[in-house]
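Trainee: What follows is a structure written as structure tokens; I'll ask about it next.
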Amino acid sequence: METNSTQKIIPNLWFDMEAEEAARFYTSLFKNSGIGLITRYGKEGFEFHQKPVGTVMTMEFEIEGYKFVALNGGPQFKLNPSVSFFVTCETEAETDRLWKSLSDKGAVLMPLDKYPWSGKYGFVQDRYGLTWQISLGKISDVGQKITPCLLFVNKHLGQAEAALQQYTKIFDSSVVDGILKYGPGEEASEGMVRHAQFSLLGEKFMVMDGAGEHPFVFNEAISFIVNCKDQEEIDYYWDRLSEGGDEKAQVCGWLKDRFGVSWQVIPEILPQMFGGDDPKRVNRMTQALFQMKKLDIRKLKEAYDYDESHV
């Protein structure tokens, strides 16, 4: 399995208890796919997670070399179309195959058909609630096989361009590939973003403004993990992404930005610490983490490495 070792921003998918089932379903559909690190719930933090000890907490997986994390987080948040994943298929056969599998037991939001922007395109929410845009096209035109797409609706309508500008200021190696705006007399107000594409740290993203009333907005069901090499990076991304956001959403390294999009700003060593084979170390570290908003690497390491024999 070829991996994108440079991928620093990783989508986190929140499920009730279907994380493993969903991850294995997705990796069965796409090429260059596989399961990575699996972490499990311990006894610490039970008052928060309410999961039996040993239950899968997170499962890293890749599809087409693009990394995801699936989380068994409980029923609090539900996946919705505010964040979808745009899949560029270079053959009709692949387009039809993925559409058939992802729409099975799912909900079709736009039927697979010919549209002005694609000879074959469909918008679907799969059986687990994750939303996909399946489009016939050329990967070279997009630059990435699978691309996250953020849809700004309701109270966030009209904020797509501001979000794009904000994110490209925060992250290095950022480029705006193009912005297509609504014109006069169209379904959204003139000047709003019909579709835009940009890169953050070399990774492709898309944003759109969605006119009309929608029964969903951004929530914690999809967050974007920013893996940080040191505390300086954590401080940098936390301070900038959290500016103007909902302070009540700041917990255990999670935050909401001023557009309502959720992020996790974490040390890159955290998954390995969670996946450690000494339950006592993992439990101590977990207990420390549950006391934090912005994560403190030094305190997490101290809790993990604490020698109880000297007590």
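The values are calculated or read from the model by the stated rules, or taken from the named source; none is laboratory data. Keep in mind it's a predicted model, so treat the numbers as computed, not measured. When we count neighbours, we look across all protein chains shown, and the Cβ atoms used for this are built from the backbone with ideal geometry, even at glycine.
Trainee: Y236 is checked against (1) hydroxyl-bearing (S, T, Y); (2) within 21 Å of G54 (Cβ to Cβ); (3) free of Cβ contacts under 8 Å to residues at least 12 places away in the same chain and fails just one. What number does that condition carry?
Mentor: (2)
Trainee: Are there any pairs with C-beta distances below 6 angstrom linking a residue in segment 151-179 that is among the aromatic types (F, W, Y) to a residue that is assigned to a loop (DSSP other than H, G, I, E, B), with the two at least 6 apart or on different chains, and if so which?
Mentor: F152/Q159; F171/L201
Trainee: So in segment 245-296, with the set limited to residues that are modelled with pLDDT of 95 or more and among the aliphatic types (A, V, I, L, M), which one is nearest to I38 (Cα to Cα)?
Mentor: I266
Trainee: Moving to a separate point now. Does at least one position in segment 201-211 carry a residue that is surrounded by 17 or more Cβ atoms within 10 Å (Cβ to Cβ) and of a type in the set (D, E)?
Mentor: Step one: list which residues in segment 201-211 are surrounded by 17 or more Cβ atoms within 10 Å (Cβ to Cβ), which gives 202-210.
Right, trim to of a type in the set (D, E) and you get 203, 209.
For segment 201-211, residues surrounded by 17 or more Cβ atoms within 10 Å (Cβ to Cβ) and of a type in the set (D, E): present.
Trainee: Taking the criterion of being under 18 Å from R194 (Cβ atoms) and touching a residue at least 60 places away in the same chain (Cβ under 8 Å), would at least one residue in segment 68-81 satisfy it? Walk me through how you get there before you give the answer.
Mentor: Of the residues in segment 68-81, the ones under 18 Å from R194 (Cβ atoms) are 81.
If we keep only those that are touching a residue at least 60 places away in the same chain (Cβ under 8 Å) as well, we get 81.
Yes: one or more hits.
Trainee: Tell me which residues, restricted to segment 196-207, are within 16 Å of Q159 (Cβ to Cβ) and either touching a Lys or Arg at 6+ places or on another chain (Cβ under 9 Å) or acidic (D, E) (or both). Lay out the reasoning, then the answer.
Mentor: Residues of segment 196-207 within 16 Å of Q159 (Cβ to Cβ): 196, 198, 205-207.
A196, F198, listed by residue number.
Trainee: V217 passes all but one of (1) under 24 Å from L79 (Cβ atoms); (2) not in a loop (DSSP other than H, G, I, E, B); which number fails?
Mentor: The number of the failed condition is (2).
Trainee: Restricting to segment 90-101, name every residue that is surrounded by 14 or more Cβ atoms within 10 Å (Cβ to Cβ) and among the aliphatic types (A, V, I, L, M). Talk me through it step by step, then tell me what you get.
Mentor: Taking segment 90-101 first, the residues surrounded by 14 or more Cβ atoms within 10 Å (Cβ to Cβ) are 94-99, 101.
Residue satisfying the conditions is L98 alone.
Trainee: Let me ask you something else. Regarding P148, is this residue closer than 30 Å to Y41 by Cα and assigned to a loop (DSSP other than H, G, I, E, B)?
Mentor: Judged against the criteria, P148 is not a match.
Trainee: Collect the residues in segment 269-296 that are surrounded by fewer than 18 Cβ atoms within 10 Å (Cβ to Cβ) and β-branched (V, I, T), keeping them in residue-number order.
Mentor: I269
Trainee: Now a separate question. Pick out the one residue from E186, E190 that is within 24 Å of L109 (Cα to Cα) and of a type in the set (D, E). So that I can check it myself, show each step before the final result.
Mentor: Details: E190 fails: within 24 Å of L109 (Cα to Cα).
Step by step, each of E186, E190 is checked, and only E186 is within 24 Å of L109 (Cα to Cα) and of a type in the set (D, E).
Trainee: Just to verify a result, which residue in segment 52-89, among those that are over 18 Å from T131 (Cβ atoms) and of a type in the set (V, I, T), is surrounded by the most Cβ atoms within 10 Å (Cβ to Cβ)?
Mentor: Here the answer is T58.
Trainee: For segment 170-214, how many residues are in a strand (DSSP E or B), of a type in the set (D, E) and touching a helix residue (DSSP H, G or I) at 6+ places or on another chain (Cβ under 8 Å)? Working first, answer last.
Mentor: Step one: list which residues in segment 170-214 are in a strand (DSSP E or B), which gives 175-181, 193-200, 203-209.
Adding the requirement that they be of a type in the set (D, E) leaves 177, 203, 209.
Add one more test, that the residue is touching a helix residue (DSSP H, G or I) at 6+ places or on another chain (Cβ under 8 Å), and what stays is 209.
Of the residues in segment 170-214, 1 are in a strand (DSSP E or B), of a type in the set (D, E) and touching a helix residue (DSSP H, G or I) at 6+ places or on another chain (Cβ under 8 Å).
Trainee: Also, quick follow-up: Residue by residue through segment 102-122, note down the ones that are surrounded by 17 or more Cβ atoms within 10 Å (Cβ to Cβ) and either of a type outside the set (A, V, I, L, M, F, W, C) or in contact with a Leu (Cβ under 6 Å, 6 or more places away or on another chain) (or both). Walk me through it before giving the result.
Mentor: Within segment 102-122, the subset surrounded by 17 or more Cβ atoms within 10 Å (Cβ to Cβ) is 102-103, 106, 112, 118, 120-122.
Listed by number, the residues that qualify are S103, G106, S118, K120, Y121, G122.
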